[in-house]
Amino acid sequence: MKNCGGSQARGVLFSLAALCALLDKNAALTLDALGVVLAGAKAAASVDPVSLREGLASLRGYEGLTGRLSFEQGGDAARGAHVMAIEGGQAHSRKAPETAP
């Protein structure tokens, strides 16, 4: 999560995702959505809706829990996917992340 606090923040989100995976299958997506909004607000230096939209549109290669995310010129998300599995209480990658622009 380079765009929003470096490896320490990324580690916290990965830890939260591992914990939340036991609670809700959508937890990683929820944490990614929160991280994207925070990164967009940081990029815009504002939470004003127009500025936030511009901050989100400027994100390139955002490293989330579920993969890398960028936004295309029209505002659509361009992303790869990172599939993780938790088996026997251990998280591991099932698929390498695809590269997003």
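Only the coordinates and a few stated rules stand behind these numbers; no lab work does. Please read these numbers as outputs of a predicted model, since none were measured by experiment. Every residue, glycine as well, gets a Cβ built from its backbone with ideal geometry; the counts of neighbours run over all protein chains shown.
The table below gives the values:
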| quantity | calculated |
| --- | --- |
| Where labels lie 7 Å past Cα in the beta-carbon direction, separation of V83 and A45 in nm | 4.3 |
| Region 29-91, dipole about Cα centre (Lys/Arg Cβ +1, Asp/Glu Cβ -1), debye to the nearest 20 | 100 |
